[in-house]
1. For Lys293, go through the aspartates and glutamates and keep the ones whose alpha-carbon is under 13 Å away, minus same-chain ones fewer than eight residues off.
2. Mind checking which lysines have their C-alpha under 21 Å from Lys125, skipping anything on the same chain fewer than 8 residues away?
3. How fast does region 169-245 diffuse by Stokes-Einstein, in µm²/s, taking the Kirkwood radius from C-alpha pairs at 20 °C and 1.002 mPa s?
4. Could you line up Arg94, Arg257 from fewest to most neighbouring Cβ atoms inside 10 Å?
5. Need the full-extension length gain, Leu155 to Ser231, defined as separation in residues times 0.36 nm minus the C-alpha distance. One decimal, nm.
6. Under 29 Å Cα to Cα from Lys310, which lysines show up? Leave out anything in the same chain fewer than 8 places away.
7. Where does the chain land at 222 nm, in deg cm²/dmol rounded to the nearest 500, when only DSSP H runs of n ≥ 4 count, each adding -39500 (n - 2.57), divided by all residues?
8. Using only the Cα atoms, work out Rg/Rh for region 17-307, with Rh taken as the Kirkwood radius, to two decimals.
Amino acid sequence: MKQTITCLIFWLASISLAAQQAPQYSLFSLNKYNFNPAYAGLDNSLSITGVYRKQWVDLPGSPSTQTVNAHLPVYRLSGGFGINIENEEQGPERTTSATASYNYWLPVGKQHLLTIGLSGGLLEKSLDGTQLRAPDGIYGNDPTNIEHNDGSLPLTEVRAMAPIFNAGVYFQSQQFEIGLSVSNLTESQISPNGGNANTKISLNRNYFLIFAKNFEIGSTFTLHPSLLIKSDLIEHQIELSALLKYNDNIFGGASFRGYNSNTVDAVAIIAGFKLNPKMTVAYAYDLTLSALKSVSNGSHEIMVNYNLNKAIGAGIPPNIIYNPRFL
């Protein structure tokens with residue numbers, strides 16, 4: 001497999017570096033808690049979601065992402081709790097994070113709900129030096145017997161860990177919802193053990209703004225358009241998604257990622273259905289529109305959600321229990 005290290009050399013160079021943007025998901029409208037801790041509990045019961053994504057199939061070293069999260073309302077505390085575990089691999093680099101969250105619910109009149117959430121945990125980055133190849137390096141068939149001839153590159157796997165904190169707000173009504181969140185609040189810096197002593201990696205803040213609306217179409221169809229804006233204040237990306245749901249069971253739709261000629265990335269085809277009243281399965285296939293389409297065979301993403309669909313514990317819920325059909 002051809003291994004490119006241009007970016008990874010700078011990853012361990014003797015300067016401070018900014019970390020990559022957050023992982024990409026095409027099924028973002030079905031997994032809002034993943035990027036906003038203020039959403040915890042808004043599925044009205046225990047909700048457990050697992051996602052697997054393989055991006056840019058057939059491109060060596062392309063990102064592979066997995067995430068599992070669970071959240072539930074705690075009415076006695078007027079809020080919700082959640083946990084989120086995420087892992088992404090890009091060639092020899094791996095990023096893994098685990099966070100726990102709490103949000104507080106503030107009813108706004110009798111028809112709306114505002115939530116404020118915080119989450120915290122740990123993030124670990126690792127780099128497998130045995131997979132790197134430098135222009136002046138010496139390599140044989142034995143992956144344990146290599147020499148990069150570059151002091152900034154590790155010969156073995158190196159790791160770095162740091163605390164992370166995220167925050168968000170979320171407003172929900174029966175007609176629409178909108179949320180704003182930020183990850184890596186403290187912009188922690190980490191230094192990989194076993195690498196260059198002067199290397200520091202900065203975890204830059206990432207911002208997420210989502211807006212979604214719900215339209216009833218007759219007695220059997222509902223339309224769910226969504227907008228997601230992601231930014232680190234240097235690079236920006238916009239995603240538009242629309243899902244049509246039939247009889248609160250089968251749904252399908254599409255999303256588009258990009259807003260100008262430099263940011264157009266993909267069109268995703270989305271489909272899903274309920275296996276039973278508690279379990280939903282969804283799948284997205286991305287048709288690559290960027291220059292990577294010449295070396296990639298698209299992207300695959302699958303999601304499974306389990307919702308207990310019954311109240312947990314005691315307490316007084318808000319005046320309106322928002323419909324979990326709102327995707």
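1. Asp58, Asp265
2. Lys54, Lys200
3. Values: Rh = 15.4 Å.
For the chosen part, D equals 139 µm²/s.
4. Working: Arg94 17, Arg257 22.
Lowest to highest Cβ neighbour count: Arg94, Arg257.
5. Working: separation 76, 0.36 × 76 = 27.36 nm, distance 3.43 nm.
Extending this stretch completely gives an extra 23.9 nm.
6. Within the straight-line cut-off, Lys310 pairs with Lys32, Lys110, Lys213, Lys245, Lys274, Lys278.
7. Numbers: 1 runs with 6 residues, N = 327.
Theoretical 222 nm ellipticity from helices: -500 deg cm²/dmol.
8. On the way: Rg = 20.7 Å, Rh = 20.6 Å.
With Rg and the Kirkwood Rh in hand, the quotient comes to 1.01.
Coordinate-derived values only; no laboratory data. Everything quoted here is computed from the prediction, not taken from an experiment. Counting neighbours? That spans all protein chains shown, and the Cβs are built from the backbone with ideal geometry, glycine included.
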